[in-house]
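Let me begin by presenting the structure, written as structure tokens, before commenting on it.
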Amino acid sequence: MKVTVVCCVLVVLGALPFSSDAQLDPSFYRDTCPKVHSIVREVVRNVSKSDPRMLASLIRLHFHDCFVQGCDASILLNNTATIESEQQAFPNNNSIRGLDVVNQIKTAVENACPGVVSCADILALAAEISSVLGHGPDWKVPLGRRDSLTANRTLANQNLPAPFFNLTQLKDAFAVQGLNTTDLVALSGAHTIGRAQCRFFVDRLYNFSSTGNPDPTLNTTYLQTLSAICPNGGPGTNLTNFDPTTPDTVDSNYYSNLQVNKGLLQSDQELFSTTGADTIAIVNSFSSNQTLFFENFKASMIKMGNIGVLTGSQGEIRQQCNFINGNSAGLATLATKESSDGMVSSI
Ligand code: HEM
């Protein structure tokens, strides 16, 4: 009797949709929205012509979505009576970009295939397309994610790594998501493109760890360059490129910059400058072999894209990425939402 009960529990548990067993499939929209990839690509390509930074911003948006209750487009939800938006969490506030572009993509996709493609999948596709448009690797994006009915600002503050993290803290933040040290090093390579505001690294220039001195692991020439862009006590919103040489190209320069102490954030330089760290050899290998970096970047992006995904009848396909369905005007929402197959899932 006891054995039967245990067996039943195990069978039931085995059937539960745990995130790591997520069943995503690159051909998920083959019949329902065959052109989704090219529709997303056209919008991203057009926007990036006048705003090349957008490629970086879209890759980051997918990352910030996935690290907070999974890749479920929770980052896109605006504040309402029942939603405390993640957009105002410290790592996102006045920092994330591209929400309007995602809406533009969603409109284009809805015109072709109404009610079919999730906002979470749009974020995953936009990230891959941004890599390709930045001359980086391509990969077949596993699809079939559904959109959340909730957001979690507290979790966003908790889960998103900070630029002043040391290597142990970085590894821990990735381990929580099921990502290992190689994933950490490969995904940090996304900092080969895009910009950062002075406020995220200015302490390294003038008062590192309250020493009154610059970060000793910062290249002195680079320190001078950065100090000119970020004067002491100046506006923390000034911008600088992550990669001083090829700022909008996805390449292995991120790693060669680390080798000469030109990592922009403390969290970047930690990967190479932490004494005895196992990340040093990985940085060296990606620096000397861009193909190896690309292969690892692809694999880690796919792995990240699988975190905590909603599939099947979970969540919903949002009509508008910034609001759960039935709440598009930002009105107070219902406590439960009926999904398309009649199952009721609580919010
Ligand atoms: C390892 C821990 C990480 C930390 C501490 C971190 C932190 C940051 C910070 C502080 C910025 C600058 C934001 C601003 O100035 O407004 C930034 C930008 C960026 N991050 Fe990260 N990040 C990390 C990992 C990642 C990962 C895993 C990805 C993607 C796979 C990523 C992609 C980007 C991109 C592309 C930008 C530039 C965005 C733009 O120009 O709009 N980062 N990151």
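The values are calculated or read from the model by the stated rules, or taken from the named source; none is laboratory data. Just so you know, these numbers come straight off a predicted model, no measurement behind them. When we count neighbours, we look across all protein chains shown, and the Cβ atoms used for this are built from the backbone with ideal geometry, even at glycine.
So the values come out like this:
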{"quantity": "Flag for E86 being over 25 Å from P34 (Cα atoms), of a type in the set (D, E, K, R) and within 17 Å of the chain's Cα centre (by Cα)", "calculated": "yes"}
{"quantity": "Residue in region 22-43 that is under 24 Å from the mean Cα position of the chain (by Cα) and modelled with pLDDT under 95 present", "calculated": "yes"}
{"quantity": "Checking K49 against (1) away from the ligand (no atom under 13 Å from the Cβ); (2) surrounded by 18 or more Cβ atoms within 10 Å (Cβ to Cβ), the condition it does not meet", "calculated": "(2)"}
{"quantity": "Filter result for A73 (buried (at least 19 other Cβ atoms within 10 Å of the Cβ) and either assigned by TED's automatic domain parsing to the domain that holds D243 or modelled with pLDDT of 95 or more (or both))", "calculated": "yes"}
{"quantity": "So V109, is it surrounded by 19 or more Cβ atoms within 10 Å (Cβ to Cβ), in the same structural domain as A56 (by TED's automatic domain parsing), not basic (K, R) and not in a helix (DSSP H, G or I)", "calculated": "no"}
{"quantity": "Helices (runs of 4 or more DSSP H) wholly inside region 117-187 that include at least 1 residues being more than 10 Å from the ligand (Cβ to nearest atom), over 25 Å from A89 (Cβ atoms) and touching a residue at least 12 places away in the same chain (Cβ under 8 Å)", "calculated": "119-133"}
{"quantity": "Residue check for E128: within 13 Å of L61 (Cα to Cα) and either surrounded by fewer than 24 Cβ atoms within 10 Å (Cβ to Cβ) or not assigned by TED's automatic domain parsing to the domain that holds D251 (or both)", "calculated": "yes"}
{"quantity": "Verdict on R97 being farther than 16 Å from Q320 by Cα, without any contact (Cβ under 8 Å) to a residue 12 or more places away in the chain and part of a loop (DSSP other than H, G, I, E, B)", "calculated": "no"}
{"quantity": "Hey, I302 in contact (Cβ under 8 Å) with a residue 12 or more places away in the chain and in a helix (DSSP H, G or I) or not", "calculated": "yes"}
